[in-house]
Amino acid sequence: MSKGNYKIFDNMMEGIQVIDHEFRYVYLNKAAVRHGKYPLESLLGFTMMEKYPGIENTKLFTCIQSSLACQDTFTLHNTFEFPDGSLGYFMLRIEPIEGGVLIMSIDVTEQRKTEAALKRSEEKYRLIFEGMMEAFTVQEIITDDDGKVTDLLYLEANAVTENILGRRIDEIIGKKRSEIMGPLDTEAAAILQKVIDTSQPAKMERFVKGNKRWYEVSIYQLRPGQIVTLNLDITARKEAEDKLQKLNLELEERVKERTGELRVSLEREKHLNNLKSRFVSMASHEFRTPLSAILSSASLIEQYASSHDQEKREKHVARIKKSVKNLTGILSEFLSLDKLERGLTQRNNELFCILGLIREIIEDFEDEAPHQRVRFKHQGLTQIFLDKTIVRNVLINLVSNAIKYSEKDVQIISKLEQDELSITVIDNGIGIPQENQHNIFTQFFRANNVNGIEGTGLGLNIVKRYVDILNGKIQFTSKTGHGTSFKVTFPVAYALNQ
Ligand code: ADP
């Protein structure tokens, strides 16, 4: 090609330069001059080595050399450092031609810069992506023929995803979700469906059984058919929520419990108040007879001044004593009940002789009711470890009722075995009418056949409570006009013979 023919290259976008065998610039079009950053005149006729010292050591030069020598064609990407220190990137095509080589240059500096910027930004995002605390995945949605979401395919996942799925990244990418985590559950399928149908992001909370952690999964549509998931570890929040919920429940429970307790104590207080007012009305009635007896006996004693009235005086003193005892009995019954109601009575075991205790009680009664005898039969061991005061109170109540409601002789049968004490108090008195029998342990209850026989209706209720404290049992049989038999049994920790 003669020099004049190069003119056709003058206005080409690509740079065209022709170098002869001495590496001299023979021709440069406008673009090549722009690429070379030297005015045309300062290049034409000069060698490359003169204009760009050191070029001999470059790959470009080697290629030009081989092309000149062997007629080879080369394509290369060349980074070119200009004398001003700036860098230029060129794609070069070296073609052998008659008299030298033709070099076509395309300036790719801008493209390279953009590529570099893109690479940098990709790297930046990759770093963020990999360094993210949150598991991040890109997944492809798999649907059936009707467009219904059936599965997912992992396209990308960052390192943290390994913790959630319990697999290495290379075992995740390219796998279907169903292969790793099992089939989609209804909730997840519905949410994914919504995301792809509406292109709107959605969130769901999930518990991962594998690592026992909670995640808030945000799902975005990346492009049709692809989603991005961001899995935020919310275990701490969930735990705090759970704790709060538990605390609230506990608090509610405590409030309930306290309300219950308050209700119970309020009920007890009401019950006690009721008991007291009933006691006051009962006492004002029951106290009247003994008090008027005391008053009349005292006035009579005053009148029996002479010595031969001694017998009458003694009779009235005895009447006063009996009335006072009666009053004291009523009061102590009430005090016992009050103590029981307040839960202040507690068992207090001691070793004692059951024979001795029963005999003591019988003696006291025989002093009080000399015309009635109390017969006593005991069988078995004699020493017992139990609450003596409670056993005494139970017996006093049962025996006093037997005496009071029979006015005939009374019988006590006791039996002490290794682990059980039983005492039966039998009378042949008025009996308890059948229709009243189920009520006799109720406070203030008195059967309808007591006619004028003094009483408060508290004794058996107290007895029942005492028996309960000792984990015992109380049973009775009764027939009107024939008599009554009360039997108490107590479990015993140990018993022996004297
Ligand atoms: P009270 O002070 O009236 O005797 P209790 O609580 O001891 O109260 O007895 C309740 C009721 O049971 C008595 O009022 C009486 O009707 C009946 N009762 C108790 N023991 C006997 C008994 N041994 N014989 C007949 N009735 C009895």
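The values are calculated or read from the model by the stated rules, or taken from the named source; none is laboratory data. Because the structure is predicted, anything quoted here is derived from the model rather than measured. Cβ sites come from the backbone with ideal geometry, for glycine too, and all protein chains shown count toward neighbours.
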Unmet requirement for K238, which otherwise passes all of (1) surrounded by 13 or more Cβ atoms within 10 Å (Cβ to Cβ); (2) touching a residue at least 24 places away in the same chain (Cβ under 8 Å); (3) under 25 Å from E140 (Cα atoms):
(3)
Options G457, G481, G452: the member that is without any contact (Cβ under 8 Å) to a residue 12 or more places away in the chain, part of a loop (DSSP other than H, G, I, E, B) and among the small types (G, A, S)
G452
List the pairs whose first member sits in the stretch 403-418 and is in contact (Cβ under 8 Å) with a residue 24 or more places away in the chain and over 30 Å from A493 (Cβ atoms), whose second member is within 15 Å of the ligand (Cβ to nearest atom) and hydroxyl-bearing (S, T, Y), and whose Cβ atoms are under 9 Å apart, counting only residues at least 6 apart or on separate chains?
Y405/T484; S406/T484
What do you reckon, is I462 in a helix (DSSP H, G or I), within 11 Å of the ligand (Cβ to nearest atom) and closer than 30 Å to G343 by Cα?
yes
Counted residues, the stretch 272-319 - those being of a type in the set (D, E, K, R) and within 27 Å of I453 (Cβ to Cβ):
8
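Conditions (1) in a strand (DSSP E or B); (2) β-branched (V, I, T); (3) more than 24 Å from P201 (Cβ to Cβ); (4) touching a Ser or Thr at 6+ places or on another chain (Cβ under 6 Å), marked per residue:
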site: M91; (1), (2), (3), (4): yes, no, yes, no
site: E95; (1), (2), (3), (4): yes, no, yes, yes
site: E123; (1), (2), (3), (4): no, no, yes, no
site: F136; (1), (2), (3), (4): yes, no, no, no
site: L155; (1), (2), (3), (4): yes, no, no, no
site: A159; (1), (2), (3), (4): no, no, no, no
For E286, the lone unmet condition from (1) in contact with a Ser or Thr (Cβ under 7 Å, 6 or more places away or on another chain); (2) closer than 30 Å to E134 by Cβ is (2)
Within the stretch 399-430, residues within 12 Å of the ligand (Cβ to nearest atom), surrounded by 21 or more Cβ atoms within 10 Å (Cβ to Cβ) and not in a helix (DSSP H, G or I) come out as Y405, V410, V425, D427, G429, I430
Does L344 qualify as being part of a loop (DSSP other than H, G, I, E, B), surrounded by fewer than 18 Cβ atoms within 10 Å (Cβ to Cβ) and hydrophobic (A, V, I, L, M, F, W, C)?
yes
Among residues belonging to the stretch 324-337 that are under 56 Å from the mean Cα position of the chain (by Cα) and surrounded by 15 or more Cβ atoms within 10 Å (Cβ to Cβ), point out the one that is nearest to V374 (Cα to Cα).
G329
Collect the residues in the stretch 385-398 that are aliphatic (A, V, I, L, M), buried (at least 20 other Cβ atoms within 10 Å of the Cβ) and either in contact with a helix residue (DSSP H, G or I) (Cβ under 8 Å, 6 or more places away or on another chain) or assigned to a helix (DSSP H, G or I) (or both), keeping them in residue-number order.
I390, V391, V394, L395, L398
(1) at pLDDT 95 or above; (2) over 23 Å from N497 (Cα atoms); (3) among the basic types (K, R) all hold for K377 apart from (2)
